[in-house]
Amino acid sequence: MKSLAEKFKQTRRQTERLCEPLETEDYIPQPVDFASPPKWHLSHSTWFFEEMILKKFYKDYQIFHPDFSFLFNSYYQTVGERALRTERGVMTRPTVSEVYEYRKYVDEHIEKLLAGEMSQELQDLLTLGINHEQQHQELLITDLKHTLSYNPIHPVYSEGFNLTAQTNGKTGWLKIPEGIYEIGFEREGFHFDNEEGRHKVFLHSFEISEALVTNAEFLEFIEAGGYENFKFWLDEGWSWVNENHISAPLYWQKKDGEWFTFTLEGLQPLKGDHILTHISFYEAQAFAAWKGLRLPTEFEWEAAADQLDWGKRWEWTYSAYLPYPNFKIAEGAVGEYNGKFMISQMVLRGASTATPKGHERKTYRNFFHPKYRWQITGLRLVK
Ligand SMILES: [Fe+2]
């Protein structure tokens, strides 16, 4: 077992390692409200340690800069006023190097805390801060991909670093018998509050695909007119397709009759055997409907998880993001972490190739609004 101090150092270093291929200009832009610039991720993950830990546990802590709490608070109302999410990309100041100084300052103070006696509360908050930073590592790289995708010269983030070039290891269908299954976190160790409230569910028997849907399978849907036929789509999904002129997964483009996809290695020819990614819940659901099949519920997914090969895509489920029985929102700012988002979002299960190693769990509940597709999403069918 790694010590908390080692985990802290390693996690902080990994965030900076993800930024090594960047030029200063890459740290700034935010083309859309949902994707934040690297500079913001570097600062906000640091702010979390300063705000949630140093201010409370470090004796006579002097904050690094009086404006930073306002600038780098994401959505914590408990903590106070904050800069608009949509304006993260227009902040050219503080500079990138000031942000790295901020990281260094906070790291040095946290490391002093880690060297002393630590209460359970402090250890739990440090563990939460590490897991929070890991979530931002995933967002940093997927947000960056999104920003680079707007550039007509298709920039390469790093040669040989391609998060979406996987194929399936297994094929066929896995049969899960009817029965009562226990859902939710049960072991010792870190987990988010939204996984708590272990409870029983009854499941009818079902078969779940061992493979994730591939690009070639999704191309069949496109070629069969899937995006043009309302009958496969949920009403909201059909409006989304029409209002946004959607005709392929995110980052796909057709040039001279050939399909390409934008990747972190630039624009690449689309490979049929690669696992499909960058689809919305609406597209996942329409594809399943076109196949005459369906998406798993999050409970079916978890019941099958031990026997499935997962961790390549965040898999859309047909479960709304709702509290488990007996879920309670924690007191204070950390209570704003998950609970307040339990509305208008669908659950995704598994993990993706952008998820930091060791961060994944079979009870992990990721969630996004059904229209979003810039994360490394995918789908698995059920019959
Ligand atoms: Fe955050």
**Q.** Segment residue 259-residue 329, length gained on full extension (0.36 nm per residue, minus Cα span)
**A.** 20.6 nm
**Q.** C-alpha long axis of helix 281-291 to longest principal axis of the chain, angle in °
**A.** 20
Q) Long-range amide H contacts for residue 263: which residues qualify at under 5 Å (H placed 1.01 Å from N, peptide plane, sequence gap of 5 or more or a different chain)? A) 268
Q) What residue among 74, 97, 43 has the largest mean-square fluctuation in a Gaussian network model of the chain, using Cα springs under 10 Å? A) 97
Q) What are the ³J(HN,Hα) values, in whole Hz, obtained from phi via the Karplus relation 6.51 cos²θ - 1.76 cosθ + 1.60 with θ = phi - 60°, for each residue of the range 146-157 in sequence order, with x given for Gly and Pro? A) 5, 5, 5, 5, 7, 7, x, 8, 6, x, 9, 6
Q. Tally Lys/Arg at +1 and Asp/Glu at -1 over every other residue whose Cβ is under 13 Å from the Cβ of residue 364; what's the total?
A. -3
Q.
For the chain, what does the helix formula give at 222 nm: sum of -39500 (n - 2.57) over DSSP H segments with n ≥ 4, over the residue count, nearest 500 deg cm²/dmol?
A. -10000 deg cm²/dmol
Q: Kindly state, to the nearest 0.05, the FRET efficiency for residue 61 paired with residue 186, given R0 = 30 Å and r defined as their beta-carbon distance.
A: 0.20
Q. Considering only the other residues whose Cβ falls under 10 Å of the Cβ of residue 73, what net charge follows from Lys and Arg at +1 and Asp and Glu at -1?
A. -1
(Q) Can you give me the C-alpha center-to-center distance between the range 255-319 and the range 65-86, rounded to a whole angstrom? (A) 35
**Q.** For the chain, built as a Gaussian network whose Cα springs stay under 10 Å, the top-fluctuating residue of 91, 52, 346
**A.** 91
Q) So if we plug the beta-carbon distance of residue 9 and residue 244 into 1/(1 + (r/R0)^6) with R0 = 56 Å, what FRET efficiency do we get, rounded to 0.05? A) 0.85
Q.
For a quick size check, give me the Cα extents of the range 4-149 along its three principal axes, largest first, whole Å.
A. 46, 30, 23
Q: Just the number, please: carbon plus sulfur as a percent of the accessible area of the chain, 1.4 Å probe, no ligands or DNA/RNA counted.
A: 50
Q: Work out, step by step, the length gained on full extension between residue 117 and residue 83: first 0.36 nm times the residue separation, then minus their alpha carbon distance; give nm to one decimal.
A: 8.7 nm
Q.
Could you check the spin-label model distance between residue 204 and residue 175? Points 7 Å from the Cα along Cα→Cβ, value in nm.
A. 1.7
Q. Are there GluC sites (Glu not before Pro) in the range 91-155 that DSSP marks as loop and that have at most 11 other Cβ atoms within 10 Å, and which are they?
A. 117
Q. Net charge near residue 50, counting Lys/Arg +1 and Asp/Glu -1 over other residues with Cβ under 15 Å of its Cβ?
A. -1
Q.
Taking the Kirkwood radius as the inverse of the mean 1/r across Cα pairs, report the Rg/Rh of the chain.
A. 0.97
Q.
Running a GNM on the chain with Cα contacts under 10 Å, which residue among 154, 369, 65 ends up with the highest mean-square fluctuation?
A. 65
Q: With unit charges on the beta carbon (Lys/Arg positive, Asp/Glu negative), name the residue among 372, 292, 238 whose Cα is farthest towards the positive pole of the charge dipole of the range 173-378.
A: 372
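The values are calculated or read from the model by the stated rules, or taken from the named source; none is laboratory data. This is a predicted model, so every value here is computed, not measured. Because the Cβ atoms are built from the backbone with ideal geometry, glycine has one as well, and the counts that use them run over all protein chains shown. SASA here: full protein model, heavy atoms, side chains in, ligands and nucleic acids out. Shrake-Rupley method; radii C 1.70, N 1.55, O 1.52, S 1.80 Å.
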